[in-house]
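Q: Structure below; questions to follow.
Only the coordinates and a few stated rules stand behind these numbers; no lab work does. Since the structure is predicted, the reported quantities are computational estimates derived from the model, not experimental observations. When we count neighbours, we look across all protein chains shown, and the Cβ atoms used for this are built from the backbone with ideal geometry, even at glycine.
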Amino acid sequence: MINWLRNPWGKPRWLKLITIVYILWSIVPVAIAILFAFNAGRSRTTWQGFSFRWFTGASGSVLHDPQYQGALKHTLILAVICVAVATPLGVALALGLQRWRGPGGGTVNTVMLLPLVTPEIVMGVALLLLFLRVFPEIGLGTPAQAIGQVTFTLSYVVVIVRGRLTSIGPEYEEAAADLGAPPHDQLFRVVLPLLIPAIIASAAVAFALSIDDFVVTQYLSGNASTTTVSMLLYASARGAPTPALNAIATVALLITLATLTLAFLVYRRFASGREAAAVAALDI
Amino acid sequence: MQGEIRLEELTKSFGEVVAVDGVDLRMPPGEFFTMLGPSGCGKTTTLRMIAGFERPTSGRIMLDGSDVAQVPPHRRSVNTVFQSYALFPHLDVAGNVAFGLKYQKLTKEEKRRKVKGILDLVRLSGFEQRKPEQLSGGQQQRVALARALVLTPRVLLLDEPLGALDARLRKDLQVELKAIQADIGVTFVFVTHDQEEALTMSDRIALMNHGRVEQAGSPREIYEGPETEFVADFLGVSNLLHAEASADGGVCSLRIGERTFRAEQGDTGARGEVKAMIRPERIGLEPHDTPGDNRMPGLVERAVFLGGAHEVHVRVVGGELLKATVSNDGKPLTFALEEGSAVGLHLPPDGLRVLAPSQPPPSAEDAAERPVRTAPSM
């Protein structure tokens, strides 16, 4: 073993070993959780045979339990709202920031990135107070949850779109202006078409972030009807859950993975590999 | 005839840095005008101001008599061929070429005919449906040219358009570009750092340095009559010599090393410490100790046979190294070209130029002292 690790000719093998151990460590628990979504029995620890009963069964399954159905539906509604608002807003902000030269530009740039590093719980608490005290007419519930999710996904959209804007450079806009296009046409005939890959990618990331989010969504939820999948998972994990919980987690995971894979493929189709890798790295 | 540009006191500063420093230039209509200079000399910034991408700090840009300095780029009837072409990657060749026609009042049929006509001119018929990424560098360059020319601009601006091409293609396109310009008669304002390119293509050259115009004129005027050391050094090969100028019966007498020379070219009124220059092809190489005026001895340090000529490096008595070219006209040489042989150098008075000192680079204090007119707001 020690001799194998030494390997004086290639890359150090202990680095390889650490990598393998880490990958196993991070994937195996998820794989086991997914596996038990297909358990034929009620146990989440003892394998009792393969079945789809927790996905599509007549009772207590993801498909037929109203609680699970509601959570899944609410999760998707929030995700759609979040994407629909955060994407255009983020694109507009990115375009504005890109052109903001002069005093204040640097500060604004930094502030835009703050949500990426702010602990989510801090943002959750702050937004909770905001909706209870400052905007009580909004209150808690779906609108508050949507606003909260937009608030922190916006930064991701801005970062992705700005990355693309930087790599595009100012030249295409100048060319459009040179050929007679007024500012409106420079944007709609040239810049936005060139931004399409970044817009699709950032929309997908916003979608995935919305589905995965727990802290902000939990804090700003109103009643049982505003429960999302992640909240449901959290609430029932400590009760007496059935493998249906694993099943709904599996569904959420698949939606997220599918969205991000799609975004990655679309982005790679249009943009250079390095940008695509940067977006992939954001898929936390 | 349309397409005249006059730059008056044109200045652009980026913070502390003065990129263009009071440039006055006239670019006559229908001419191939080149702004030549080393990188950072302000030529591209000047071009970008004419295009409208940069707003001048002060000064005027007169296009056919009206000041366009504060007109946004999309309302100027000048078009640009960018260094990297900036072809829209999401549009095909026809889409790129037709892009600007949307802003001209033309029928669909007229637009179609114009696109076809211009693609014929740049020999790209049949490439309408190609995307820019499917074209070679030379083809992309021609699309960029077509996209700008189809709008029949009064002036076409070209920012080192051949810079990204390999040497052979560059030569071909130089000829082609010049032919197109002569054919359609649009004023071309061409920016390059390649002196050979400038000499072969231009009707007129402005040589720039440190944000100012050092000298402007026809290629021949500038090559034959450089006024400053920078111009002499940048354009072609020059021998530069330290000299002490004095008046000697109405003519300029230069003391170079131990000898005096008569100079008839350049700033012959200068006195005191000056630089003198002579082109290698103007130096006469002779046997050692040939009698006569304007002659000095030297030792051959290196001789390179170039086929059509010999390039001979001669160390003269003062210690300076002069380059001389001896054309290979078939006659036997009257002197030895081996390393270390003694030869005579004839610097004829009509080839010896007295140069004005080059302007120093503008410093921040200089810029502050000069009254800077603020640009009127739009």
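Q: How many of the residues making up segment A:152-182 are within 30 Å of B:ARG154 (Cα to Cα), part of a helix (DSSP H, G or I) and either among the basic types (Lys, Arg) or within 8 Å of chain B (Cβ to nearest Cβ) (or both)? Before you say what the answer is, go through the steps one by one.
A: Filtering segment A:152-182 for residues within 30 Å of B:ARG154 (Cα to Cα) gives A:168-182.
Still in the running and part of a helix (DSSP H, G or I): A:168, A:171-178.
Filter once more, so that each one left must be either among the basic types (Lys, Arg) or within 8 Å of chain B (Cβ to nearest Cβ) (or both): A:171-172, A:174-178.
Result for segment A:152-182: 7.
Q: Pairs under 6 Å by beta carbon, first residue at the interface with another protein chain (Cβ under 7 Å from one of its Cβ atoms) in segment B:79-92, partner surrounded by 18 or more Cβ atoms within 10 Å (Cβ to Cβ) and in a loop (DSSP other than H, G, I, E, B), six or more apart or different chains?
A: Every condition considered, the pairs that remain are B:ASN79/B:LEU151; B:ASN79/B:PRO153.
Q: Take B:VAL18 and tell me if it is under 27 Å from B:LYS114 (Cα atoms) and either surrounded by fewer than 24 Cβ atoms within 10 Å (Cβ to Cβ) or hydrophobic (A, V, I, L, M, F, W, C) (or both). Show your work before the answer.
A: Values: under 27 Å from B:LYS114 (Cα atoms): no; either surrounded by fewer than 24 Cβ atoms within 10 Å (Cβ to Cβ) or hydrophobic (A, V, I, L, M, F, W, C) (or both): yes.
No: the conditions fail for B:VAL18.
Q: Any chance segment B:46-61 includes a residue that's in a helix (DSSP H, G or I), within 13 Å of chain A (Cβ to nearest Cβ), of a type outside the set (Lys, Arg) and over 30 Å from the mean Cα position of the chain (by Cα)?
A: no
Q: Hey, another quick one. Return yes or no: is A:VAL229 touching a Leu at 6+ places or on another chain (Cβ under 8 Å), of a type in the set (Val, Ile, Thr) and within 14 Å of chain B (Cβ to nearest Cβ)?
A: Working: touching a Leu at 6+ places or on another chain (Cβ under 8 Å): yes; of a type in the set (Val, Ile, Thr): yes; within 14 Å of chain B (Cβ to nearest Cβ): no.
No: the conditions fail for A:VAL229.
Q: I've got another one for you. Among the residues of segment A:139-146, are any surrounded by 16 or more Cβ atoms within 10 Å (Cβ to Cβ) and either charged (D, E, K, R) or within 14 Å of chain B (Cβ to nearest Cβ) (or both)?
A: No, there is no match, as no residue in segment A:139-146 is surrounded by 16 or more Cβ atoms within 10 Å (Cβ to Cβ) and either charged (D, E, K, R) or within 14 Å of chain B (Cβ to nearest Cβ) (or both).
Q: Go through segment B:93-107 and count every residue that is free of Cβ contacts under 8 Å to residues at least 40 places away in the same chain, more than 9 Å from chain A (Cβ to nearest Cβ) and not small (Gly, Ala, Ser). Even if it seems obvious, please write down each step before you answer.
A: Looking only at segment B:93-107, we keep the residues that are free of Cβ contacts under 8 Å to residues at least 40 places away in the same chain, and these are B:94-95, B:102-103, B:105-107.
In the following step, the residues that additionally are more than 9 Å from chain A (Cβ to nearest Cβ) were identified as B:94-95, B:105-107.
Of the ones still in play, those that are also not small (Gly, Ala, Ser) are B:105-107.
Qualifying residue count for the region: 3.
Q: I would also like to ask the following. Out of the residues in segment B:136-154 that are within 14 Å of another protein chain (Cβ to nearest Cβ) and of a type in the set (Lys, Arg), which is nearest to B:ASP92 (Cα to Cα)?
A: That would be B:ARG147.
This table checks each residue for (1) within 29 Å of A:GLY163 (Cα to Cα); (2) among the hydroxyl-bearing types (Ser, Thr, Tyr).
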| residue | (1), (2) |
| --- | --- |
| A:THR45 | no, yes |
| A:GLY49 | no, no |
| A:LEU63 | no, no |
| A:PRO66 | no, no |
| A:LEU72 | no, no |
| A:LEU95 | yes, no |
| A:LEU128 | no, no |
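Q: Having 2 or more residues that are touching a residue at least 60 places away in the same chain (Cβ under 8 Å) and within 30 Å of A:PRO197 (Cβ to Cβ) is the bar; report the helices (runs of 4 or more DSSP H) wholly within segment A:66-151 that clear it.
A: Details: elements: A:66-99, A:105-117, A:120-129.
The qualifying helices (runs of 4 or more DSSP H) are A:66-99, A:120-129.
Q: Are any residues in segment B:1-50 basic (Lys, Arg) and touching a Ser or Thr at 6+ places or on another chain (Cβ under 7 Å), and if so, which ones?
A: Taking segment B:1-50 first, the residues basic (Lys, Arg) are B:6, B:12, B:26, B:43, B:48.
Matches in segment B:1-50: B:LYS12 only.
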